[in-house]
Amino acid sequence: MKFFAIFIDTFREIRDKKMLITFGIITAIFACTYIFGLSTKPAGNGNIETTFFGDSETINAIEFVQKQMMFFSHVTTGIILFLFIITFAFVIANLLKPGTLDLHLSKPLWRPQLLLYKFLACVSGVLVLMLIMTATFWSILSWKAGVITLQPFIFTFMAAAIFAISFSVITFCCVLTRGAGAGISIYLVYAYLLQGVLQSRESIKAGIDSPLLANVLDSAYHILPKINECLTIATKMSSGKETNFYPLTSSLIFMGVTLIVSCIIFQRKDY
Amino acid sequence: MYAIEVENLHKKYGQMFQDDVHALKGISLQVKQGEIFGILGPNGAGKTTLVRVLLSIIKPTSGSASIFDKPHSNTEVKTKLSYLAENHTYPRYLTGEQVLEYFGWLSGVRGQKLRDKINETLELVGMTKWRKTKVKKYSKGMTQRIGLAQTLINDSELLFLDEPTDGIDALGRKEIRDLISKLKQEGKTIFLNSHLLSEVEQVCDQIVIMNKGEIIRRGTIESLVATKNAYKIDVEGSATKAIESIKTKVQNIEYTNNQIDITLEQMEQLDFVIDTLRENEISIRSIVPYRQSLEDYFVDVIGKDNA
């Protein structure tokens, strides 16, 4: 019940931040594009003939749905995850405001329980919204192609997991600083700069012959989350291709450790 | 069993490159069940720190505190208490009704009981009309009323009210005082922290006065403020001769316009004063003991402590 209360409250907060309207508009644009821009007709042997804004092709119906869903996921996931990270950082920061936190801490809630419930409420919120978006788009494509394949939904769950991994960093920074600014800055620097450096560590190591630097880069790579590589795993899983799960498992371990440390700090710190 | 028992509580705030702030210096107190306990003190006296320690929002440096015989940090204890924070910030995106629903859920109240309680408390604080209005559109007084309703939502046995009448007009303050008295009649224990001394004076059974992190006075209001044996006597007839007789035995006496202001060394001397007036055939209309106001007493005590 307490989790439900926090989940509903989180939804009300993002609704107030006009996130649901933004989200609805993005979904509607994609939906309308495919409803009015795409026409299909059966071509036999499980194939369909598609015409999309003048371009025609004959393709396997299931492959078509998967291909379009993948395109859609790639276009939207980056933007939506970025928007969600920023928005939900403020949700966590708002919980930690002096007047609000006092009220929550006077309720029969264990402190780590409060933090974890809020974290899970944010992740669940992202999952629900992405499921609605994916389901809308998937319904249109399935209706147009006349087939049903559930494989594209794997990407949605993976996207929520990637959000959770990224969001654990934000949560940790918010617990430390009580504000959203530091968390967002650290996340952006890491996701758009440092992560790229770590991914290209082999070429850096080859260029600079320093065992110390090589060790630092390797350690950092193994410890820190691998967001881009997790997205690649999600794509491969959605397409039914085989993949190496190490980046995902190590990122999930990072998320777990970050959350445990956040809970310990939250439990011990005087606010 | 006490509702609250605090033993030698200390709280120090560490500061970088500065001396630690010793916010609570060995606070000990007991609050009986069913009483209204007032806590007074100037800004920075440590009142809110004490409340926040009791609610385990912050941790004490040393000492112990228990609520209903259980450690104050026990989560189970919190089902029996509620808190109206001084600087509360209710989610601005919620309506008054949603605030009560949310904090009701967090307190473990649900279903029909919660819906009934929401209606009841909104009515009690006079906010039924604005139940569907968002908190961001509320005035300070309205937010305070919703805050008060929030403390009543879980039917708690112990209420911590930090400045409950802050921002509320005189009429509203009277309503809240009446509400506090009603809650006392229902057997609730109230821990009241307020700057409005007249308010405390009217509702509290026990008070403590804090200054610089210490309790400097404690007791009932009567025992603290009624310290002078001073009386105002309204008489009829010329009392000049009687006054001359009384003057020889009392500490201080003044007679103007049929009114005698008198200060006695001992209360027993009042019999002598009455006898002397009656012997001189002076009619006594009323005898009223002078009572120092809590505000005068407070200013006096804090002034002396600061000196």
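The values are calculated or read from the model by the stated rules, or taken from the named source; none is laboratory data. Every value quoted in this text rests on a predicted model; they were computed, and no experiment measured them. Here Cβ is always computed from backbone atoms with ideal geometry, including for glycine, and neighbour counts include all displayed protein chains.
Observations on the structure shown:
- Restricting A:248, A:194, A:231 to residues that are in a helix (DSSP H, G or I), of a type outside the set (Val, Ile, Thr) and either farther than 30 Å from residue A:66 by Cα or within 14 Å of chain B (Cβ to nearest Cβ) (or both) narrows the list to A:194.
- The listed residue being surrounded by fewer than 18 Cβ atoms within 10 Å (Cβ to Cβ), farther than 30 Å from residue B:13 by Cα and touching a residue at least 24 places away in the same chain (Cβ under 8 Å), out of A:223, A:253, A:265, A:227: A:223
- Pairs meeting the criteria (first residue in segment B:147-165 and within 11 Å of another protein chain (Cβ to nearest Cβ), second residue surrounded by fewer than 23 Cβ atoms within 10 Å (Cβ to Cβ) and of a type in the set (Asp, Glu), beta carbons under 7 Å, at least 6 apart or on different chains) are B:162/B:86.
- Within segment B:57-103, considering residues that are among the small types (Gly, Ala, Ser) and under 25 Å from the mean Cα position of the chain (by Cα), the one nearest to the other protein chains (Cβ to nearest Cβ): B:85
- Filter result for residue A:89 (in contact (Cβ under 8 Å) with a residue 40 or more places away in the chain, more than 26 Å from residue A:259 (Cβ to Cβ) and hydrophobic (A, V, I, L, M, F, W, C)): no
- Which listed residue, of A:231, A:252, A:217, is out of contact with any Leu (no Cβ under 7 Å at 6 or more places or on another chain), at pLDDT 85 or above and either farther than 30 Å from residue A:93 by Cα or not small (Gly, Ala, Ser) (or both): A:252
- Residue B:265 out of contact with any helix residue (DSSP H, G or I) (no Cβ under 9 Å at 6 or more places or on another chain), surrounded by fewer than 13 Cβ atoms within 10 Å (Cβ to Cβ) and touching a residue at least 12 places away in the same chain (Cβ under 8 Å): yes
- Scanning segment B:268-307 for residues that are surrounded by 14 or more Cβ atoms within 10 Å (Cβ to Cβ) and in a strand (DSSP E or B) yields B:284, B:287.
- Residue within segment A:196-217 that is of a type in the set (Val, Ile, Thr) and touching a helix residue (DSSP H, G or I) at 6+ places or on another chain (Cβ under 6 Å) present: no
- One residue from B:122, B:114, B:106 being among the hydrophobic types (A, V, I, L, M, F, W, C) and either more than 12 Å from every other protein chain (Cβ to nearest Cβ) or over 29 Å from residue A:19 (Cβ atoms) (or both): B:122
- When segment A:90-110 is filtered for residues that are among the hydrophobic types (A, V, I, L, M, F, W, C), within 9 Å of another protein chain (Cβ to nearest Cβ) and surrounded by 22 or more Cβ atoms within 10 Å (Cβ to Cβ), only A:103 remains.
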